[in-house]
Each structure stands twice: as C-alpha cells, then as structure tokens.
Amino acid sequence: MSVNGGADEPGWEVDPDDEWGVAVIATVGRQLKLRREAVGMRAAEFGTAVGYGEDLVYKVEGGKRIPRREYLERADEVLKAGGLIAATWEDVKKVRYPKHVRDLAKMESRAVESLSYGIHNLHGLLQTEEYARALLGTRRPSLSEDELERAVAARMARKAIYDRAPAPELSFVQEEVTLRRPIGGKMVLRRQLEHLLDVARLRHVEIQVMPTSRGDHPGTGGRIQVLKFGDGTAVGRADDEFDNRPVTEPRQLRILELRYGIIRAEALTARESVAFIEQLLGET
C-alpha cells in the first residue's frame with residue numbers, strides 16, 4: 001500500500017500471541033520514537049511529514065502496529081537517519097505475516113519436494129493475487145480490510161518457492177471443481193487458468209486434474225499435503241487423518257504418501273491436464 005493511497009493504514013496489527021513478532025516490532029517502534037524525539041519533532045508533525053495520522057504514528061512507535069516498508073523509508077528520509085531506519089525492514093519483513101503462515105513458509109522454503117492434493121480450492125501456491133483476494137474475501141466472519149490485505153500478502157510471499165535454486169519438485173492434484181468455480185467472477189477465473197498453464201510449463205512443476213467423474217478414490221476426505229526435506233525427514237497433513245495435525249512419523253507419512261500416490265494415479269496425466277485446462281479456458 002502506498003503512502004499516498006493509504007494514509008490511515010501504515011501497516012498491520014501485531015498478534016499479541018506472537019512473542020517474537022511483538023519483540024521485533026516493539027524494538028523498531030522504540031527506535032522510531034527515540035529518533036523522532038531526538039530531532040525535536042512531535043508525533044503530529046512527524047505524521048504530517050510522512051503522510052500518516054498522529055494516532056497511527058503512536059501505534060507504530062508503541063509496537064502495536066507493523067510498519068510497512070514505505071513507512072520506514074519515509075521515516076528514514078524525514079529523520080535523516082542515513083538508512084538506519086530503512087534497514088530495520090530486514091527484521092520487520094520476517095514478522096509481518098501471522099506466525100502460522102511464517103511457519104508454513106519456512107517449511108516450504110526448506111522442502112525439496114512437495115505433494116499437494118486440493119479438493120475445494122486451488123492450492124495457495126497456484127493462486128493469482130486477485131483470485132486469492134476473492135477467495136479470502138469469502139471467509140465468514142468476514143476479514144477486515146487490514147486482515148484481508150495481510151492474508152493476501154502472506155499467501156503471495158510463499159510463492160518465492162518458485163524462484164529457489166535448486167528448484168524443489170512440486171506436484172499438485174486439483175479436483176476439477178476447483179478449476180470451474182468462478183471465484184471472483186469469470187475474468188478472474190480466466191486469468192487464473194492462464195496462470196495455471198504458465199506454472200504447468202515449469203520443468204519442476206506437475207499439475208494434474210482429478211475429473212469429477214472419478215469419484216472412487218481416497219481423496220474424498222479432504223486436502224493432503226506432504227513436504228519432504230533434504231535430510232530425509234518430512235511433514236504431512238490431511239483433513240481427515242490424525243486430527244488434521246502435522247505428522248512426522250514414518251508410519252503416518254507412509255499412509256499419506258500411499259493415498260496421494262493412488263490419487264495421482266487416478267488423475268489425468270500432466271499432459272492431459274494441460275489440455276483439460278486449455279479446454280476450460282476456451283469455455284470460460
């Protein structure tokens with residue numbers, strides 16, 4: 001969000017249960033306050049100079065609000081900090097998303113292989129930004145604008161996995177309905193299908209479609225995901241197994257991999273799936 005376009009929203013609320021996040025943001029806020037007071041600027045004056053309201057300046061300085069990068073850069077200029085305030089972004093960006101999302105992103109960043117089966121919606125790593133925003137907008141109770149933007153940004157940040165070198169092997173099996181449901185409207189769906197075709201062309205990505213007509217397979221209980229790491233360990237989760245908890249024991253992981261293997265065998269091949277998505281795109 002730009003400074004000019006969001007003068008009343010310089011960042012996100014801090015999760016009080018996220019101890020590390022609270023500590024980082026409190027430290028950054030304290031530095032901002034000390035530097036502002038050192039140059040003799042009042043909060044209202046400083047807020048005007050950086051383009052934000054006085055109340056939100058107090059929230060950032062009090063560690064109640066996570067400042068965005070633009071805020072820190074403007075503050076650095078106004079306070080003539082020589083880049084020291086702007087540099088705090090390196091710490092802030094590590095805690096700007098909810099802890100559970102950071103934990104997932106950290107695991108994905110370590111994975112050498114990812115197996116993902118989706119039954120209701122496209123996997124987050126496959127979503128475009130506008131599709132993700134529309135999908136997250138369907139949650140009830142509704143997310144506030146602040147919560148929605150934070151959730152979208154967190155989901156998009158996870159897609160850095162595509163830029164890793166060496167690239168991890170990514171396998172997705174998506175139910176046909178997830179490609180047909182017009183989340184956000186027809187044009188959003190069209191652009192989402194085009195994006196899927198672009199992703200499917202990556203050499204380390206395989207996208208398969210499970211036709212609705214194939215109802216007798218072990219994925220009817222919900223999502224399945226398995227992440228494998230370079231040291232031979234792995235973590236997995238399924239909606240209908242092990243109380244939907246992450247599991248790491250070899251016996252439990254074998255169950256998830258067995259189910260995923262059968263699902264993958266029942267789905268269209270990667271080449272057939274690309275043709276299927278192209279057909280859907282032509283119909284949309």
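The values are calculated or read from the model by the stated rules, or taken from the named source; none is laboratory data. Only a predicted model underlies this, so the values are computations on that prediction, with no experimental measurement involved. Note: ideal-geometry Cβ built from the backbone for every residue, glycine included; neighbour counts use all protein chains shown.
Contact annotation: residue pairs with Cβ atoms under 8 Å, 6 or more positions apart or on different chains, pairing a residue in the stretch 243-260 that is surrounded by 11 or more Cβ atoms within 10 Å (Cβ to Cβ) with a partner that is part of a helix (DSSP H, G or I), are Val247/Leu253; Val247/Leu256; Gln252/Phe242. Close Cβ contacts (under 7 Å, 6 or more residues apart or on different chains) running from residues in the stretch 209-238 that are at negative phi to residues that are at pLDDT 95 or above and hydroxyl-bearing (Ser, Thr, Tyr) comprise Val209/Ser273; Gly219/Tyr117; Arg223/Tyr117; Ile224/Tyr117; Ile224/Tyr260; Gln225/Ser116; Val226/Tyr260; Leu227/Ser114.
Inside the stretch 149-184, residues that are part of a helix (DSSP H, G or I) and either within 17 Å of the chain's Cα centre (by Cα) or exposed (fewer than 15 other Cβ atoms within 10 Å of the Cβ) (or both) make up a count of 17. Just one of the listed residues (Arg191, Arg203) is among the basic types (Lys, Arg) and either closer than 19 Å to Ser114 by Cα or outside any helix (DSSP H, G or I) (or both), and it is Arg203. Among the residues that make up the stretch 122-133, is at least one of them more than 24 Å from Pro246 (Cβ to Cβ), within 18 Å of the chain's Cα centre (by Cα), assigned to a loop (DSSP other than H, G, I, E, B) and in contact (Cβ under 8 Å) with a residue 24 or more places away in the chain? Yes - at least one qualifying residue is present in the stretch 122-133. The set of residues in the stretch 48-71 being part of a helix (DSSP H, G or I) and either assigned by TED's automatic domain parsing to the domain that holds Ala151 or within 20 Å of Glu13 (Cβ to Cβ) (or both) consists of Val50, Glu54, Asp55, Leu56, Val57, Tyr58, Lys59, Val60, Glu61, Arg69, Glu70, Tyr71. Applying the condition of being of a type in the set (A, V, I, L, M) and under 32 Å from the mean Cα position of the chain (by Cα) to the stretch 21-48 and asking which residue is surrounded by the fewest Cβ atoms within 10 Å (Cβ to Cβ) yields Ala23.
Could you go through the stretch 243-266 and let me know if any residue there is touching a helix residue (DSSP H, G or I) at 6+ places or on another chain (Cβ under 9 Å) and under 16 Å from Gln174 (Cβ atoms). For the stretch 243-266, residues touching a helix residue (DSSP H, G or I) at 6+ places or on another chain (Cβ under 9 Å) and under 16 Å from Gln174 (Cβ atoms): absent.
The set of residues in the stretch 261-284 that are exposed (fewer than 12 other Cβ atoms within 10 Å of the Cβ) and over 20 Å from Asp198 (Cα atoms) contains only Ala265. Does Arg65 fit the bill of being touching a residue at least 40 places away in the same chain (Cβ under 8 Å), closer than 18 Å to Ala151 by Cα and over 19 Å from the mean Cα position of the chain (by Cα)? So Arg65 passes the test.
Considering every residue within the stretch 260-281, establish whether at least one is part of a loop (DSSP other than H, G, I, E, B) and of a type in the set (A, V, I, L, M). The answer is yes, given that some residue of the stretch 260-281 is part of a loop (DSSP other than H, G, I, E, B) and of a type in the set (A, V, I, L, M). Against the test of being outside the structural domain of Asp239 (by TED's automatic domain parsing), at pLDDT below 95 and farther than 17 Å from Glu206 by Cβ, the options Arg74, Arg150, Arg139 yield a single qualifying residue, Arg74. Residues in the stretch 217-252 that are assigned to a helix (DSSP H, G or I), among the charged types (D, E, K, R) and at pLDDT 90 or above: Arg251 alone.
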